[in-house]
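**Student:** The structure follows.
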Amino acid sequence: SHEPPAPGLAITPAADDTLYRALGQREGIQSLIRSFLYVIADDPRIVDQFAEAPIDRLEEKLNEMVCVIAGGPCHYSGDSMRRVHRGKHISNADFNALVEDLIKAMDREGIPFTVQNTLLARLAVFHGDIVHR
Ligand code: HEM
């Protein structure tokens, strides 16, 4: 019999809420995630990989995840990054495309460069749980 796979990196709260406030709290994050999903929907490099994804759930879980890692008063109720992306054969190119889409969405939302980089750094730690799983 097999052991269940390790869940991967936990989605843990930030030490303080600086990033959460810089992103415009719950409303700012909601607006960002909405823009992000529109940019992905318009990206021929990766949109097909989301064809069967439950978009309402994805939107909710992305909101929760970004809120938590930004230090906001939220709870992440989704699955681990390793579990949710397992078997999807996501490549580095896919990952980079998604990061570019997030940057485009952050630009549209008027999020300053330094704030963008802080969020990207906190998401980058999940690369190993998402790519080639
Ligand atoms: C930093 C990068 C990423 C983050 C933070 C992220 C985050 C998430 C989250 C929070 C969910 C929802 C989890 C749940 O429903 O419990 C999800 C689902 C999903 N992600 Fe990602 N993701 C990333 C990269 C990618 C990439 C590069 C792809 C493919 C190009 C991808 C494809 C998907 C798909 C298809 C789902 C839906 C899974 C399903 O329920 O069928 N993700 N992701």
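A short reminder: the numbers here are calculations on the coordinates, not readings from a lab. In this text the structure is predicted, and so the values were computed from the model without any measurement. We place every Cβ from the backbone using ideal geometry, glycine too, and count neighbours over all the protein chains shown.
**Student:** How far is it, in nm, from the label point at Asp17 to the one at Ala93 when both lie 7 Å from their Cα along the line to the Cβ?
**Tutor:** Once both label points are built, they end up 4.3 nm from each other.
**Student:** Then there's this: Could you line up Tyr38, Tyr76 from fewest to most neighbouring Cβ atoms inside 10 Å? Present the calculation step by step, with values, prior to reporting the outcome.
**Tutor:** Working: Tyr38 14, Tyr76 18.
Ranking Tyr38, Tyr76 by Cβ neighbours within 10 Å, fewest first, gives Tyr38, Tyr76.
**Student:** Lys and Arg at +1, Asp and Glu at -1: add these up for the other residues within a Cβ distance under 11 Å of Tyr76 and post the number. The partial results should precede the final answer.
**Tutor:** Details: positive: Lys61; negative: Glu60, Glu64, Asp79.
Local net charge: -2.
**Student:** What ranking do Arg82, Arg108 get, fewest neighbouring Cβ atoms within 10 angstrom at the top?
**Tutor:** Least crowded to most crowded, the residues run Arg108, Arg82.
**Student:** With each pseudo-label sitting 7 Å past Cα toward Cβ, what's the His75-Asp56 distance in nm, one decimal?
**Tutor:** So the label points at His75 and Asp56 sit 2.1 nm apart.
**Student:** Please compute the net charge surrounding Gly8, taking Lys and Arg as +1 and Asp and Glu as -1 over other residues with Cβ under 13 Å from its Cβ. Please list the in-between numbers first.
**Tutor:** Numbers: positive: Arg82, Arg83, Arg86, Arg133; negative: Asp79, Asp129.
Overall, the nearby charge balance is +2.
**Student:** Stokes-Einstein at 25 °C, 0.890 mPa s, Kirkwood radius from Cα pairs: D for the chain in µm² s⁻¹?
**Tutor:** Working: Rh = 15.3 Å.
My calculation gives 160 µm²/s for D.
**Student:** Would you kindly derive the ³J(HN,Hα) couplings of segment 53-69 from the backbone phi angles with the Karplus curve 6.51 cos²θ - 1.76 cosθ + 1.60 (θ = phi - 60°), listing them in order in whole Hz, with x for Gly and Pro?
**Tutor:** Working through the residues one at a time gives 6, x, 5, 4, 5, 4, 4, 4, 5, 5, 4, 4, 5, 5, 4, 5, 6 Hz.
**Student:** Under 17 Å from a label point 7 Å along Cα→Cβ of Ala10: give me every residue in segment 73-109 with its amide N that close.
**Tutor:** Once the point is set 7 Å along Cα→Cβ of Ala10, 74-83 turn out to lie under 17 Å by backbone N, inside segment 73-109.
**Student:** Using the Karplus curve 6.51 cos²θ - 1.76 cosθ + 1.60 with θ = phi - 60°, what ³J(HN,Hα) values do you get for each residue of segment 70-80, in whole Hz, with x for Gly and Pro?
**Tutor:** Running phi through 6.51 cos²θ - 1.76 cosθ + 1.60 with θ = phi - 60° gives 8, x, x, x, 10, 10, 8, 10, x, 7, 5 Hz.
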